[in-house]
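Participant: First the structure, then my questions, so here it is.
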Amino acid sequence: MVELMARNWWLVALRGALAVIFGILTLAWPGVTLVALILLWGIYALVDGISSIALGAAVRGHRWANVLIGVVGVLAGLVAIMLPGETAVVLLVIIAIWAIVAGVIQVAAALALRRTLKHAWFLVVTGALTLVLGIVLLLNPGAGALALVTTIAVFALIWGISLILLALRLRGLRYGTVDAV
């Protein structure tokens, strides 16, 4: 496997370079990236919905389930494509509500377990942070969406740099300038 990767080290480097370019472009245009991600999801939901409706029409028995899932997919896809900004906000509000509920439950569990669980304060801190995240997202969902895109961009940069470094190591193996990976 290492020999195969060493022979094709430039493909690893190419993947890394593309990830770095993606990360830089995402950081440069976070709003455009967010809209693009929502539009891609909308297209996916639309195609998946149409496929599910076709499947419901093609099979016997319990067609209604596939058709219903398909109709919901088509509607969700159309909404995402026609209203990408609103789709992002709705998604972030759902995540915010989840975070608030999860945070409250974690804090309550920590308080209930504080006598039997050593270091229950870890759960309190985790719950409090989750609660704060939910409140921040609920108060400003647009900033939360951009933060998510920024996180994806930073990950892409780190991933890309790691792949480039691996590719250089593999190149060294290929040409005998490095002993082992």
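The values are calculated or read from the model by the stated rules, or taken from the named source; none is laboratory data. Just so it is clear, the model here is predicted, and its values are computed rather than measured. Every residue, glycine as well, gets a Cβ built from its backbone with ideal geometry; the counts of neighbours run over all protein chains shown. We work out accessible area using only protein heavy atoms, side chains counted, and drop any ligands, DNA or RNA first. Shrake-Rupley method; radii C 1.70, N 1.55, O 1.52, S 1.80 Å.
Participant: Test of understanding: among ALA76, ALA80, ALA88, which residue is in a helix (DSSP H, G or I), in contact with a Phe, Trp or Tyr (Cβ under 7 Å, 6 or more places away or on another chain) and either open to solvent by 80 Å² or more (accessible area, probe 1.4 Å) or touching a residue at least 24 places away in the same chain (Cβ under 8 Å) (or both)?
Facilitator: On inspection, the qualifying residue turns out to be ALA80.
Participant: Could you grab the pairs with beta carbons closer than 7 Å, sequence gap of 6+ or different chains, first residue in region 91-119 and more than 11 Å from LEU137 (Cβ to Cβ), second one in a loop (DSSP other than H, G, I, E, B) and among the aliphatic types (A, V, I, L, M)?
Facilitator: ALA110/ALA120; LEU113/ALA120; ARG114/ALA120
Residues are listed down the side, and each one gets a yes or a no for (1) over 24 Å from GLY73 (Cα atoms); (2) of a type outside the set (S, T, N, Q); (3) assigned to a helix (DSSP H, G or I); (4) within 18 Å of the chain's Cα centre (by Cα):
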residue	(1), (2), (3), (4)
ALA6	yes, yes, yes, no
TRP10	yes, yes, yes, no
ARG15	yes, yes, yes, no
PHE22	yes, yes, yes, yes
LEU37	no, yes, yes, yes
LEU40	no, yes, yes, yes
LEU46	no, yes, yes, no
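Participant: Give just the number: which of (1) closer than 18 Å to ILE38 by Cα; (2) crowded, with 19+ Cβ neighbours inside 10 Å; (3) in contact with an Asp or Glu (Cβ under 9 Å, 6 or more places away or on another chain) does GLY70 not satisfy?
Facilitator: Of (1) closer than 18 Å to ILE38 by Cα; (2) crowded, with 19+ Cβ neighbours inside 10 Å; (3) in contact with an Asp or Glu (Cβ under 9 Å, 6 or more places away or on another chain), only one is false for GLY70: (1).
Participant: What's the total number of residues in region 13-62 that are of a type in the set (Val, Ile, Thr), closer than 23 Å to SER162 by Cβ and modelled with pLDDT under 90?
Facilitator: Adding up the residues that qualify gives 1.
Participant: Right, another one. In region 4-17, what residues are open to solvent by 100 Å² or more (accessible area, probe 1.4 Å) and either of a type in the set (Phe, Trp, Tyr) or over 12 Å from ARG169 (Cα atoms) (or both)?
Facilitator: Across region 4-17, the qualifying residues are TRP10, ARG15.
Participant: Does VAL71 fit the bill of being out of contact with any Leu (no Cβ under 6 Å at 6 or more places or on another chain), modelled with pLDDT of 90 or more, under 25 Å from VAL132 (Cβ atoms) and among the β-branched types (Val, Ile, Thr)?
Facilitator: No.
Participant: Additional query: Please go through region 131-181 and give me each residue that is acidic (Asp, Glu) and either modelled with pLDDT of 90 or more or open to solvent by less than 40 Å² (accessible area, probe 1.4 Å) (or both), ordered by number.
Facilitator: Of everything in region 131-181, nothing turns out to be acidic (Asp, Glu) and either modelled with pLDDT of 90 or more or open to solvent by less than 40 Å² (accessible area, probe 1.4 Å) (or both).
Participant: Name every residue in region 32-66 that is farther than 30 Å from ALA153 by Cβ, surrounded by fewer than 17 Cβ atoms within 10 Å (Cβ to Cβ) and touching a residue at least 12 places away in the same chain (Cβ under 8 Å), in order of residue number.
Facilitator: ILE50, SER51, ALA54, LEU55
Participant: Could you list, in sequence order, all residues of region 112-159 that are hydroxyl-bearing (Ser, Thr, Tyr) and within 27 Å of THR87 (Cα to Cα)?
Facilitator: THR130, THR150, THR151
Participant: Determine, yes or no, whether LEU137 is farther than 30 Å from LEU37 by Cβ, assigned to a helix (DSSP H, G or I) and out of contact with any strand residue (DSSP E or B) (no Cβ under 8 Å at 6 or more places or on another chain).
Facilitator: no
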